[in-house]
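The values are calculated or read from the model by the stated rules, or taken from the named source; none is laboratory data. All values reported here derive from a predicted model rather than from experimental measurement. Reconstructed Cβ throughout: ideal geometry from the backbone, glycine too, with neighbour counts over all protein chains shown. Ligands, DNA and RNA are excluded from the accessible area calculation, which covers all protein heavy atoms including side chains. Shrake-Rupley method; radii C 1.70, N 1.55, O 1.52, S 1.80 Å.
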Amino acid sequence: MATTITEVPVFDLTREHFLRDMRRLAEKAAPAWLVKARAEGAANFADTVWPHSKMEEWRDTNIGALVDTEYYSMTTLPRHTLAAFDTSPHRIEGWINLVFVDGFFDAAISDTSDLPKGAVAGSLAAAIAGPAQDLVKRHLGSCLGARSAYTALNTAFIQDGPFLYVPQGVELDRPVHFLCIATERQENVVSHYRALLVLEAMAKATVAVTSVAMGAGENHFDNVVEEIVLGDGAALTHCAVIDAGTTGRRLCTTETRQGRDSRFDSYSITLGGAIVRNQMCVMLGEPGAETHLNGLYLNAAAALIDNNLHVTHAATNCTSRIAYKGVLDGASRSVFTGRVLVVRGAQKTDSMQLNNNLLLSDTARVESRPQLEIYADDVKCTHGSTVGPPPPEIVFYFRSRGVDEKTARGMLTYGFAEDLAGRIPDPALRRQLDGIIYRRFSPGING
Amino acid sequence: MLEICDLHASIAGKEILKGINLSVKEGEVHAIMGPNGSGKSTLAQVLAGHEAYEVDLEKSRVTFLGQDLLDLPAEERARLGLFLAFQYPVEIPGISNSYFLQASLNEIRKSRGLEELDAMDFDGLLQEKMKMVEIDPGFASRAVNAGFSGGEKKRNEILQLAVLEPRLAILDETDSGLDIDALRVVSEGVNRLRSPNRAFVLVTHYQRLLDYIVPDFVHVLYKGRIVKSGGRELALELEEKGYDWIKTEEDAGVPA
Ligand SMILES: Nc1ncnc2c1ncn2[C@@H]1O[C@H](COP(=O)(O)OP(=O)(O)OP(=O)(O)O)[C@@H](O)[C@H]1O
Ligand SMILES: [Mg+2]
């Protein structure tokens, strides 16, 4: 969507900081195609204004605080070692754990991987500098539509981030965990992660991307773009776990392009952050593709969590399922948008979406907006959404069994949230998330 | 153990219970019968502590094990040993039967100064009780009542009763919707739990339950009052003659 400048902004210090960082990055050596891609990102950035509430896509998502901050990009800061932090609680047992620190891969604290021949899991920077460069060149930017000033900004800063390549017909027997840590060792650090996951035809993999904040600084900002390419018949299970702490900010745009009969199973779990927006765009461009987007957001205090989903049915016989659940407490603000577009000719589309919200306080707010736009006639599309407190009759049932209201609500909230986490197929990750949810909601029960 | 004196309760401004008097002693089994809408479930829910009902505290007195029941919130009544098997048990998606019951049992144990059971010990207990009420062990990990058939829900209430071992159990139409095998299982469960220091109040429409669980007393509730009390033979009489004779008697004798 092209955006026109409606107001002439006063001098924009945030923008100036980013432009200065871009000039610094330009001094570093890079392949010509990457320099060109970044320059295009910079040009798009120059043409866009910061998202604001008059834009339909950002109507209820006030990210004004993002524009009021002067960020320090890691292109201008020395690399940080993680010696002071213990990453072990965040690693997933039995997985290949690959650790990124403030936007850059850290081999010293990552697992070495013995992947099948031809498969690569690691860092985008390494891929750009190595034999996989042609692959990166072919796919990078291939999924990304024009989205916002922030996605343009990310492109202008492409350096490093998670990278996965699985060749045709190969199945990864060990799942890959990209653990992205914001060290918060000083205030206002920005990381422009760029992730690229490519599964060739009939390839299969399970991936998790975890974003956590560790440290004392405040207001770190992850500005992430993730591109996912699934070849014909490929199958990817993708889990994103976001815990940006109490002051962290994160905008993430995930764009997935699916081949014929491919399958995408996504689990997006937001546990914390001051401002978190997960934009999840799926292009079902070939017949028979199937996408399952599951989400859970646990929103408390004064945080803003926005899940913005776009699924485009651009071919026949594709299936999409959206199931997002939210637990809303404190004075938190949540937004859920599920936009399903069925283009002309995309017959036999089968689409369902559900958004359920459990309201734990009188001051929490949620905007739940399923949006269907259908230009084909032989389709099956449904949607539903609920917002409400734990049903009083259920709370009374607990109380009639000796369990007080507070404990009952905790248990109910745990059950509501666990229902989503419980669907994650990998047992190690499921246990880890279940533990987090259990500790958060279930007080005083002897497990 | 339970003394109900002149209990008045209303909902949405409408008086439903209009002066109930009932005395239940340890070891006794009371059956409460009566036409639809007479207030049987209301009585059960009021005793369990449902706050939607407004109890007239000026008139009403209820003591349970020497305590003023109407003063206590629902959870404390349960901890004291009161149990209600619901006429319509609710479904609790996302919470397993065993997790629910373990939490419940431990709250009750805690309030009595007993040690909480850990998952292992509780599992053993649950298995044993499930066998007793002939519930498939798979139900332990299923969400409470979610997708259970009507009969399975009722049986699950009896399982909870068996695990929690209350002093007074009120069963609100636990026999409705049960097939003959389930009725046998439920009744056997109750009979096994009968003991000199445990009492039961059975709300039912059917004499056939009372063939299995023989009551000491039968009461007829009509328009918010207990209008007739007797022994087991009263249930047989009701079975034979229906409620019309009671209604006629009452409606003639009681000014509208
Ligand atoms: N929430 C409510 N608002 C208004 N009236 C109610 C409400 N709940 C119950 N009632 C009324 O109270 C009366 C007694 O209902 P109750 O459920 O106690 O009857 P019951 O004897 O258990 O009947 P049944 O044999 O059908 O189970 C009925 O007339 C019913 O319509
Ligand atoms: Mg009833």
**OP:** Mind listing whichever residues of the stretch B:208-234 are surrounded by 18 or more Cβ atoms within 10 Å (Cβ to Cβ) and part of a helix (DSSP H, G or I)?
**Re:** B:L209, B:L210, B:L234
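Only one residue in B:V201, B:V186 is at pLDDT 95 or above and either touching a Leu at 6+ places or on another chain (Cβ under 8 Å) or within 16 Å of ligand 1 (Cβ to nearest atom) (or both). Which one?
On the way: B:V186 fails: at pLDDT 95 or above.
After applying the criteria, what remains is B:V201.
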**OP:** Would you tally the residues in the stretch B:3-35 being within 23 Å of B:Y212 (Cβ to Cβ) and more than 13 Å from ligand 1 (Cβ to nearest atom)?
**Re:** 9
Original post:
So which residues in the stretch B:154-186 are out of contact with any strand residue (DSSP E or B) (no Cβ under 6 Å at 6 or more places or on another chain), open to solvent by less than 40 Å² (accessible area, probe 1.4 Å) and within 16 Å of ligand 2 (Cβ to nearest atom)?
Top reply: B:K154, B:D175, B:S176, B:L178
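Every residue in the stretch B:191-216 that is within 16 Å of ligand 2 (Cβ to nearest atom) and either among the aliphatic types (A, V, I, L, M) or more than 17 Å from B:I32 (Cβ to Cβ) (or both), please. Reasoning before the result, please.
First, pick out the residues of the stretch B:191-216 that are within 16 Å of ligand 2 (Cβ to nearest atom): B:201-206, B:209.
Residues satisfying the conditions are B:V201, B:L202, B:V203, B:L209.
Can we say A:L230 is surrounded by fewer than 24 Cβ atoms within 10 Å (Cβ to Cβ) and not charged (D, E, K, R)?
Working: surrounded by fewer than 24 Cβ atoms within 10 Å (Cβ to Cβ): no; not charged (D, E, K, R): yes.
Spelling it out, it is not the case that A:L230 is surrounded by fewer than 24 Cβ atoms within 10 Å (Cβ to Cβ) and not charged (D, E, K, R).
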**OP:** Evaluate the stretch A:318-336: report whether one residue or more is among the hydroxyl-bearing types (S, T, Y) and open to solvent by 10 Å² or more (accessible area, probe 1.4 Å).
**Re:** yes
Subject >> Qualifying position, being outside any loop (DSSP other than H, G, I, E, B), open to solvent by 10 Å² or more (accessible area, probe 1.4 Å) and away from ligand 1 (no atom under 16 Å from the Cβ), among B:E240, B:E250 >> reply: B:E240
**OP:** List every residue pair whose Cβ atoms lie under 8 Å apart, where the two residues are 6 or more positions apart in sequence or sit on different chains, the first residue falls within the stretch A:152-168 and is within 29 Å of A:W50 (Cβ to Cβ) and part of a loop (DSSP other than H, G, I, E, B), and the second residue, located anywhere, is among the aromatic types (F, W, Y) and open to solvent by less than 20 Å² (accessible area, probe 1.4 Å).
**Re:** A:D160/A:F100; A:D160/A:Y193; A:G161/A:F100; A:G161/A:Y193
Original post:
Name the pairs whose Cβ atoms lie under 7 Å apart, with the first residue in the stretch A:63-78 and assigned to a helix (DSSP H, G or I), the second modelled with pLDDT of 75 or more and open to solvent by less than 40 Å² (accessible area, probe 1.4 Å), and 6 or more positions between them or separate chains?
Top reply: A:A65/A:I275; A:L66/A:F221; A:L66/A:R249; A:L66/A:I275; A:V67/A:T14; A:V67/A:W50
Original post:
Which of (1) more than 16 Å from ligand 1 (Cβ to nearest atom); (2) within 21 Å of B:A169 (Cβ to Cβ); (3) open to solvent by 30 Å² or more (accessible area, probe 1.4 Å); (4) not charged (D, E, K, R) is the odd one out, the single condition B:L57 does not satisfy?
Top reply: (2)
Original post:
Among all residue pairs at least 6 apart or on different chains, which show Cβ distances below 8 Å where the first residue, located in the stretch B:15-32, is over 14 Å from B:V220 (Cα atoms) and within 16 Å of ligand 2 (Cβ to nearest atom) and the second is in a strand (DSSP E or B) and not hydrophobic (A, V, I, L, M, F, W, C)?
Top reply: B:I16/B:S10
**OP:** Only residues that are within 15 Å of the chain's Cα centre (by Cα) and away from ligand 2 (no atom under 16 Å from the Cβ): list them for the stretch B:33-56, please.
**Re:** B:G49
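Could you say which residue among A:A428, A:A421 is within 30 Å of A:A205 (Cα to Cα), buried (at least 19 other Cβ atoms within 10 Å of the Cβ), more than 7 Å from chain B (Cβ to nearest Cβ) and not β-branched (V, I, T)? Write out each step before concluding.
On the way: A:A428 fails: buried (at least 19 other Cβ atoms within 10 Å of the Cβ).
On inspection, the qualifying residue turns out to be A:A421.
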Original post:
How many of the residues in the stretch A:190-209 are of a type in the set (V, I, T) and open to solvent by less than 10 Å² (accessible area, probe 1.4 Å)?
Top reply: 3
**OP:** Could you tell me which residue of the stretch B:36-54 is nearest to ligand 1 (Cβ to nearest atom), considering only residues that are of a type in the set (G, A, S) and within 14 Å of chain A (Cβ to nearest Cβ)?
**Re:** B:S41
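Inspect all residues belonging to the stretch B:103-113 and state whether any of them is within 16 Å of ligand 2 (Cβ to nearest atom) and open to solvent by 20 Å² or more (accessible area, probe 1.4 Å).
Pass one, the stretch B:103-113, residues within 16 Å of ligand 2 (Cβ to nearest atom): none.
No - not one qualifying residue is present in the stretch B:103-113.
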Original post:
Which of the residues spanning the stretch A:217-247 are small (G, A, S), under 14 Å from the mean Cα position of the chain (by Cα) and at pLDDT below 95?
Top reply: A:A244
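For residues that are touching a His at 6+ places or on another chain (Cβ under 6 Å) and closer than 18 Å to A:T210 by Cβ, scanning just the stretch A:265-302, find the one that is most open to solvent (accessible area, probe 1.4 Å). Talk me through it step by step, then tell me what you get.
Just the residues of the stretch A:265-302 that are touching a His at 6+ places or on another chain (Cβ under 6 Å), to begin with: A:265-266, A:281, A:284.
When the remaining residues are screened for being closer than 18 Å to A:T210 by Cβ, the result is A:265-266.
Details: A:D265: 24, A:S266: 1 Å².
My answer is A:D265.
Each row is one residue, and each column tells you yes or no for (1) more than 21 Å from the chain's Cα centre (by Cα); (2) buried (at least 16 other Cβ atoms within 10 Å of the Cβ); (3) under 28 Å from A:G64 (Cα atoms).
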| site | (1), (2), (3) |
| --- | --- |
| A:A152 | no, yes, yes |
| A:I158 | no, yes, yes |
| A:Q168 | yes, no, no |
| A:F178 | no, yes, no |
Subject >> Long-range neighbours under 9 Å by Cβ, at least six apart or interchain, first residue more than 8 Å from chain A (Cβ to nearest Cβ) within the stretch B:86-115, second hydroxyl-bearing (S, T, Y) >> reply: B:Q87/B:S41; B:Q87/B:T174; B:Q87/B:S176; B:Y88/B:S41; B:S96/B:S141; B:N97/B:S141; B:S98/B:S141
Original post:
Which of the residues belonging to the stretch B:1-14 are open to solvent by 10 Å² or more (accessible area, probe 1.4 Å) and over 12 Å from B:G224 (Cβ atoms)?
Top reply: B:M1, B:E3, B:C5, B:A12, B:G13
**OP:** Taking the residues in the stretch B:60-75 that are at the interface with chain A (Cβ under 8 Å from one of its Cβ atoms) and crowded, with 18+ Cβ neighbours inside 10 Å as candidates, determine which candidate is nearest to B:L43 (Cα to Cα).
**Re:** B:A74
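Does any residue of the stretch B:34-54 turn out to be β-branched (V, I, T), modelled with pLDDT of 95 or more, under 19 Å from B:E173 (Cα atoms) and surrounded by 15 or more Cβ atoms within 10 Å (Cβ to Cβ)? Break it down into steps so the answer makes sense when it comes.
Of all residues in the stretch B:34-54, those β-branched (V, I, T) come to B:42, B:46.
Those still in the list that are modelled with pLDDT of 95 or more too: B:42, B:46.
Filter once more, so that each one left must be under 19 Å from B:E173 (Cα atoms): B:42, B:46.
From the residues that got through so far, the ones that are surrounded by 15 or more Cβ atoms within 10 Å (Cβ to Cβ) too are B:42, B:46.
Scanning the stretch B:34-54, I find at least one residue that is β-branched (V, I, T), modelled with pLDDT of 95 or more, under 19 Å from B:E173 (Cα atoms) and surrounded by 15 or more Cβ atoms within 10 Å (Cβ to Cβ), so the answer is yes.
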